[in-house]
Every structure is written in structure tokens, then in C-alpha cells.
Amino acid sequence: MTTPKKIFVAGHRGLVGTATIRALQGLAEHEILTRTRGELDLGNRDATRQFFLENRPDHVVMSAAKVGGILANSNLPVDFLHDNLRIQLNVFDAAHEAKVDRMIFLGSSCIYPRDCPQPIKEEYLLTGPLEATNRPYALAKISGVESCWAFNRQYGTRYLAVMPTNMYGPGDNYHPEYSHVLPALIRRFHEAKVKAEPSVVVWGSGKPRREFMYSSDLGDALVFLLGLDDARFASLTRPETTPLLNVGVGDDVTIREVAELVKATVDYRGELQLDASKPDGTPRKLMDVSKLQALGWKAKTPLATGLKSAYEDFLARHA
């Protein structure tokens, strides 16, 4: 990015959005546009269109979404499908009308088949059945990928779908029922420590493997992608190929291993118990990040280091 740009970060208060803002703040020559949900409801088509036409952002980071863990997805399937579809349709249409130069649409690794080969390559999309526990959310995000490709083919836009692995870090959602696995573990172990409870129960067998990336690394990756020269960015959004790019760290751990690591980070001295009667979700989700690394970017934050920072953020904001 060699000339001043207006960059709209949709969903700037969420985990991904806050990380993107932190990464962008080092680029003083760029104007960062943000709106809270109270200021701009992206589910409102007319309001979204008006915002884009009045502000004319050059770049958009589309991180606004309804997100949650297994329980939230199971209990609120209509919300996860319809809310995300509505937001996406409004933003894509408004961005096109306002002639946005580059857009990065954020999805999730859950878009890939439940039992696809590991590590997961971008070309595995739509090659098998999805994980049932989060299918509505995954289908909404797959629709976003298809929207990127459809606009690129029909209108020559440069919209890129970025699929991050499991995220954690400052600004995460620690809802007692509807958070993702890692923030849920942080809250559960912390509360057990405060209450001096003898044990903490973790859902599932503990055997599924997950990849976890610190949110600041994703923010850095998004700014890196926005900063690519025209030729390299255009190579990612060619009309003849799905504009899809994985972002991850390239290694994973079992749920039991990450639970033990959270237990140590929180300094909880009780027992960890596994409840195998609860669903495990997808057996493994490890992203193939060779395409991103070939462009010159690699994650740098070790899980133990990121967990320490995430727990400090939890203590500051929730405890």
C-alpha cells in the first residue's frame, strides 16, 4: 500500500477486527474506518449501502459475523445461517456499488469437509460432507467464498476469501455457553481456581486435534495481504480460480493437550476430567498454509506465549 487508502474494518470490536485494527495502526498514512453495530447495522441493507456510498472505502476487511462454539451453533442454527448470509449479501453488494478496490472476506476452517485429508488444502472445499454441529455457519461462510468468486468473475473485482484456523487472543468472547473452545477453557479453569473446585470437566474425548493461532498474527497476515503489490494480489483473485487462502500456524495439538496447557497457564491445581458423552466435533482441522508462506508470511506466536497474553486479557476485562 504505497498511497493513502481508506480501510473499513467491519466488525472491528470482535477478535479478528481488534487484531486488524492493532496491525493497521502502525500505518499512519491510512485512514481506518470503523462503526459499532449501534452506529451501523450491517444487517440493514439500506444503511449499509448508504455508509459505503458516503465513505467510499478503498479496502474492506470483512470480519463482521455471528460466531460461536459447538453449543451456540447447535442451539441457534437459524441465527448462524441467516444473520451471516444477510450481513454478507449487504456488504458485498454495497462494496461493489461503491467500487471497493480490495476486499478480504473472513471465513473459518469449518467450511472444509469434516473428514477431508490433513493438512487441509484450499482445493478440498466442497469435496465432502460438513461437520453437522456447525453446518449452518459453514454454509453461510461457503456462500461468502462463492460471492467473492462470483463478483470476481462477473465484474472483475478483487475480493479474496481468507480462511483462518481457530483463533484466540485479546478481545475474545468468553461467554459461558457460546464461546469457542479455547476461551471457554480459560474461563472454566479460572472460575474453578477462584472457587477452589476439585475438578474441571472438558467436553469430549480430548482426542480431536486443533490448530490455534494468536489473533495478532492474523491481523498481521491481513495487513500483509492488503499490502501486496497489484500483481501478487491479483494472482490471488484471478477469475478462473476460487479466491481462497488459508491462514494458520501449520501445526496442531489435541484438545486434552491444550486443556492441560490452559490449566497450567491459569495455575489451576485441581483435576482435569474428560466427558466422552459430549460431542467431539471434527476429528482434526490442520490448515495447509503453504500458499501463504510462499507469499512471504508466517505466524510467529507460540501457543504458550499467546495463551499467557490471552489470560492476562481475560483477567483485565472479565475477572
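The conditions of being over 16 Å from Gly281 (Cβ atoms), in contact (Cβ under 8 Å) with a residue 12 or more places away in the chain and surrounded by fewer than 23 Cβ atoms within 10 Å (Cβ to Cβ) are met by Thr127. Note on region 111-127: among residues that are within 18 Å of the chain's Cα centre (by Cα) and not in a loop (DSSP other than H, G, I, E, B), the one that is farthest from Gly43 (Cα to Cα) is Ile120. For region 219-239, a residue qualifies if it is over 14 Å from Leu106 (Cβ atoms) and either touching a residue at least 24 places away in the same chain (Cβ under 8 Å) or surrounded by 21 or more Cβ atoms within 10 Å (Cβ to Cβ) (or both), and the qualifying residues are Asp220, Phe224, Gly227, Leu228, Arg232, Phe233, Ala234, Leu236, Thr237, Arg238, Pro239. Number of residues in region 133-156 that are assigned to a loop (DSSP other than H, G, I, E, B) and buried (at least 24 other Cβ atoms within 10 Å of the Cβ) equals 0.
Here is a list of conditions, (1) in contact with a strand residue (DSSP E or B) (Cβ under 9 Å, 6 or more places away or on another chain); (2) surrounded by fewer than 17 Cβ atoms within 10 Å (Cβ to Cβ); (3) under 24 Å from Arg13 (Cβ atoms); (4) of a type outside the set (Phe, Trp, Tyr), and Met167 meets all of them except one; can you say which number that is? Met167 satisfies all of (1) in contact with a strand residue (DSSP E or B) (Cβ under 9 Å, 6 or more places away or on another chain); (2) surrounded by fewer than 17 Cβ atoms within 10 Å (Cβ to Cβ); (3) under 24 Å from Arg13 (Cβ atoms); (4) of a type outside the set (Phe, Trp, Tyr) except (2). Lys195 passes every criterion in (1) surrounded by 22 or more Cβ atoms within 10 Å (Cβ to Cβ); (2) farther than 30 Å from Val61 by Cα apart from (1). If the condition is being surrounded by 21 or more Cβ atoms within 10 Å (Cβ to Cβ) and either within 22 Å of Leu53 (Cβ to Cβ) or out of contact with any helix residue (DSSP H, G or I) (no Cβ under 9 Å at 6 or more places or on another chain) (or both), then region 66-87 contributes only Ile87.
List every residue pair whose Cβ atoms sit under 6 Å apart, with the two residues 6 or more apart in sequence or on different chains, where the first one lies in region 179-193 and is in a helix (DSSP H, G or I) and the second, anywhere, is among the hydroxyl-bearing types (Ser, Thr, Tyr). If the second residue must be among the hydroxyl-bearing types (Ser, Thr, Tyr), the pairs left are Leu182/Tyr168; Pro183/Tyr174; Ile186/Tyr311; Arg187/Tyr174; Phe189/Tyr268; Ala192/Tyr268; Lys193/Tyr268. The set of residues in region 282-299 being within 14 Å of Glu211 (Cα to Cα) and either modelled with pLDDT under 95 or in a loop (DSSP other than H, G, I, E, B) (or both) consists of Thr282, Pro283, Arg284, Lys285, Leu286, Asp288, Val289, Ala299.
Being under 18 Å from the mean Cα position of the chain (by Cα), closer than 25 Å to Tyr155 by Cα and at pLDDT 95 or above holds for only one residue in Val100, Val60, and it is Val60. Within region 109-124, residues that are touching a residue at least 60 places away in the same chain (Cβ under 8 Å) reach partners that are surrounded by fewer than 16 Cβ atoms within 10 Å (Cβ to Cβ) with beta carbons closer than 8 Å, at six or more positions or on different chains, in the pairs Arg114/Gly128; Arg114/Pro129; Arg114/Ala132; Arg114/Pro283; Asp115/Gly128; Asp115/Pro129; Asp115/Pro283; Glu122/Lys291. Criterion applied to Leu274, Leu307 was being part of a strand (DSSP E or B) and either in contact with a Gly (Cβ under 8 Å, 6 or more places away or on another chain) or over 30 Å from Ala234 (Cβ atoms) (or both), and the one residue passing it is Leu274. Of the residues making up region 257-267, not one is over 15 Å from Pro183 (Cα atoms) and among the hydroxyl-bearing types (Ser, Thr, Tyr).
Taking first residues from region 258-271 that are under 9 Å from Phe189 (Cα atoms) and modelled with pLDDT under 95 and partners that are part of a helix (DSSP H, G or I) and not aromatic (Phe, Trp, Tyr), no Cβ contact under 9 Å between residues at least 6 apart in sequence or on separate chains turns up.
The values are calculated or read from the model by the stated rules, or taken from the named source; none is laboratory data. Nothing here was measured: the structure is a model prediction, and the numbers come from that model. So basically every Cβ, Gly included, is an ideal-geometry build from the backbone, and we count neighbours across all protein chains shown.
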